[in-house]
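Report on one structure; see the data block that follows.
The values are calculated or read from the model by the stated rules, or taken from the named source; none is laboratory data. Remember, predicted model here, so these are calculated numbers, not experimental data. Cβ atoms come from the backbone with ideal geometry, glycine included; neighbour counts cover every protein chain shown.
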Amino acid sequence: MSKMLKHTRVELNNAVFSLPDIVAKAEGYFEAEGVDVELVLPEKRKAMLAAAGEPIRQHTAIQSFLWHEGIEKGEFSVYHACEWGQMRRTQDSCASVKVITKRAAVSTQAIIVRGDSPYNVPQDLANVEVAVNYHAGSHYITLAMLAGYMKRDQAKTVHIGIPNQRFKALVEGRVAAAAVMEPWISAAEKLGFKVICEAFYNGLEVADPTVDDGIFNALRRAHIRAVDKINQDIRPWLHHLTAEVPADIVKLEPADLHLPRLRYNHPELYTPEEFQRTYDFMVERGLINAESTFDKLVSTRVAA
């Protein structure tokens with residue numbers, strides 16, 4: 001590999017979120033743009049994948065970084081996750097990280113229940129605990145989805161952990177409902193579970209100070225090429241998603257995935273208007289400090 005390539009480490013998240021990185025790496029788009037990207041599966045995420053997940057009912061009892069704390073320790077320099085969570089983690093960071101752009105993956109999460117559940121519509125979930133991952137997309141999207149159907153104090157959540165932990169808790173009857181993304185939504189449907197409500201949401205890219213303009217623009221160009229490749233035909237890449245569902249839960253095939261749920265756009269700048277809407281939602285619910293304004297969390301250097 002040429003010594004002229006700039007090196008950076010990017011966190012490997014759930015495949016549905018990281019697919020543009022996976023494709024760009026496999027197709028050589030990063031190298032073509034002059035950057036050597038190492039995709040890093042965080043050690044803490046490996047441990048969480050093997051754990052059962054213990055229920056926690058106060059979001060204040062969970063630190064916001066979860067497995068993303070690797071950016072605080074120099075394990076990687078770039079990572080992407082849900083819009084709300086990225087704002088909170090950037091606020092809490094001690095590594096001078098900043099939001100640099102919206103991510104390419106436009107994700108959906110659904111609140112699901114077992115097939116034999118008495119619940120059928122969102123209103124049925126008033127005062128029913130929904131398993132989520134606090135300070136991650138499942139937490140915030142659950143609050144947002146249920147807000148139009150019940151009083152705020154009737155929307156109940158319980159932290160179980162990452163998707164496989166929440167799904168297993170639902171299968172075993174330890175929770176009545178859970179919020180999950182793909183491929184777990186399709187796995188639920190194959191098992192005869194019910195989708196109660198579902199919504200799409202944006203994510204954000206966050207980077208530490210080592211990611212200069214050159215690396216940022218190289219990553220962005222590579223992601224644009226990867227998105228175009230995915231949107232041309234996503235089917236050759238679906239095995240990365242289905243591989244995340246253990247066969248002892250359900251044998252999920254690429255054909256089982258509902259392709260309209262998988263949306264990828266060219267990464268765009270994160271605007272003050274978009275920030276303000278999410279900021280207001282989070283401040284009202286005590287999920288972020290009022291002092292955490294756009295100029296403190298978003299890289300205006302990149303935005304400019």
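With respect to Arg166, is the statement that it is in contact with a helix residue (DSSP H, G or I) (Cβ under 9 Å, 6 or more places away or on another chain) and surrounded by fewer than 19 Cβ atoms within 10 Å (Cβ to Cβ) true?
No.
So, in segment 212-243, of the ones that are part of a loop (DSSP other than H, G, I, E, B) and modelled with pLDDT of 95 or more, which residue ends up surrounded by the fewest Cβ atoms within 10 Å (Cβ to Cβ)?
My answer is Asp233.
Scanning for something without any contact (Cβ under 8 Å) to a residue 40 or more places away in the chain and either of a type in the set (A, V, I, L, M, F, W, C) or over 18 Å from Asn202 (Cβ atoms) (or both), does segment 166-182 turn up at least one residue?
yes
Across segment 197-211, what is the total count of residues that are surrounded by 23 or more Cβ atoms within 10 Å (Cβ to Cβ) and more than 22 Å from His68 (Cα to Cα)?
The total comes to 0.
For the subset of segment 244-257 comprising residues that are of a type in the set (A, V, I, L, M, F, W, C) and surrounded by 13 or more Cβ atoms within 10 Å (Cβ to Cβ), which member is nearest to Arg9 (Cα to Cα)?
Top of the filtered list is Val245.
Out of contact with any strand residue (DSSP E or B) (no Cβ under 6 Å at 6 or more places or on another chain), outside the structural domain of Gln123 (by TED's automatic domain parsing) and more than 18 Å from Ala15 (Cα to Cα): does that describe Arg221?
The answer is yes for Arg221.
State all residues of segment 102-137 that are of a type in the set (S, T, N, Q) and at pLDDT 95 or above; if no residue qualifies, say none.
Within segment 102-137, Thr108, Gln109, Ser117, Asn120, Gln123, Asn127 qualify.
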